[in-house]
Amino acid sequence: MQAAPALAIRNKILGALLKHARLRAGRLPDEYAKVFGRSEDDILRWESGEMPITLSELEVWAHLSGVPISFFWNEHALPQRREVEEPVQSVMQIRRKMVGVLLRQSRLIAARSLEELAQAIGVTPQFLEACEAGEAELSVAQLELAAEACGVPIAQFFDEDLFAPSEEERRMRDMHRLDELPPDLREFVLKPSNALYLKIAKQISVLSADTLREIAETLLDITL
């Protein structure tokens with residue numbers, strides 16, 4: 001699929017998810033407009049997919065809607081109304097720089113030239129170079145194509161800890177991590193009677209190598 005059609009489709013999908021997250025959070029477009037310093041029309045154009053959204057903007061939208069950034073790729077989280085007190089513009093500026101560095105690293109590791117990657121995502125080499133320098137920013141849909149062209153997951157560019165997560169988000173993350181464990185290990189962790197062993201494992205995990213060696217030698221002396 002060529003870049004332009006792929007970008008248009010992805011922007012439409014993202015727009016629908018943006019609106020879904022906002023509505024589930026019980027917020028109005030003017031609330032988002034105030035946070036971003038944009039007009040309500042801009043918010044509605046994001047939601048319709050007419051105007052592409054960037055990753056730094058999407059991260060703020062996710063925080064405001066009370067969902068993890070991964071919600072827009074794997075819809076498994078229920079939004080919860082959140083207040084944004086952080087200096088949004090400063091956060092987005094820093095994130096632009098960080099994403100630019102990661103983008104350049106990904107391109108170099110993949111041995112792709114500016115010209116090759118620019119062509120793959122439908123932008124000019126000059127614009128891509130500005131994005132890598134943090135002076136401009138790719139839309140999320142363009143960044144997805146860039147990640148695919150470089151052979152890296154889009155999640156490589158995320159920062160899930162950009163904003164302090166809500167209690168609900170922390171619980172959902174913990175459950176997701178628990179689901180990733182092998183079945184036998186997950187069963188062991190969930191068994192209440194194994195809580196003591198888990199506490200011991202936690203204490204051992206922070207010990208130095210020398211201390212662990214001494215404990216192991218002591219155990220050998222006991223068992224011999």
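For K202, a cut-off of 22 angstrom between C-alpha atoms picks up these lysines, skipping any fewer than 8 places away in its own chain: K191.
Applying 1/(1 + (r/R0)^6) with r as the Cβ-Cβ distance of D30 and E180 and R0 = 41 angstrom yields a FRET efficiency of 0.55. The order of the peptides 140-146, 19-25 by mean Cβ neighbours within 10 Å, most packed first, is 140-146, 19-25.
With a Förster radius of 30 Å applied to the C-beta separation of S39 and A136, the computed FRET efficiency comes to 0.90.
Structural descriptor for segment 1-50: relative contact order 50 percent, calculated from alpha carbon pairs under 8 angstrom and at least 6 residues apart.
Is the shape of segment 181-223 best called rounded, prolate or oblate, per the rule: a/c under 1.5 gives rounded, else a/b larger than b/c gives prolate, else oblate, with a ≥ b ≥ c the square roots of the Cα gyration tensor eigenvalues? Write down the numbers at each step before the final one.
Numbers: a/c = 2.64, a/b = 2.07, b/c = 1.28.
Prolate.
Near R107, within a Cβ-to-Cβ distance under 14 Å, what is the net charge of the other residues, with Lys and Arg +1 and Asp and Glu -1? All intermediate terms of the calculation are to be shown ahead of the outcome.
Details: positive: R104, R112; negative: E115, E116, E129, E132, E148.
Around R107, the surrounding residues sum to -3.
Exposure proxy shown here: for S193, S113, S65, the number of other Cβ atoms within 10 Å sets the order, fewest to most, as S193, S113, S65.
Cross-link reach is defined here as a Cα-Cα straight distance under 17 Å, omitting same-chain residues fewer than 8 places apart; for K19 the lysines meeting it are K34.
Throughout, read-outs are computed from the coordinates displayed, never taken from laboratory work. Since the structure is predicted, the reported quantities are computational estimates derived from the model, not experimental observations. Positions of Cβ are generated from backbone atoms using ideal geometry, with glycine treated the same way; all protein chains shown enter the neighbour counts.
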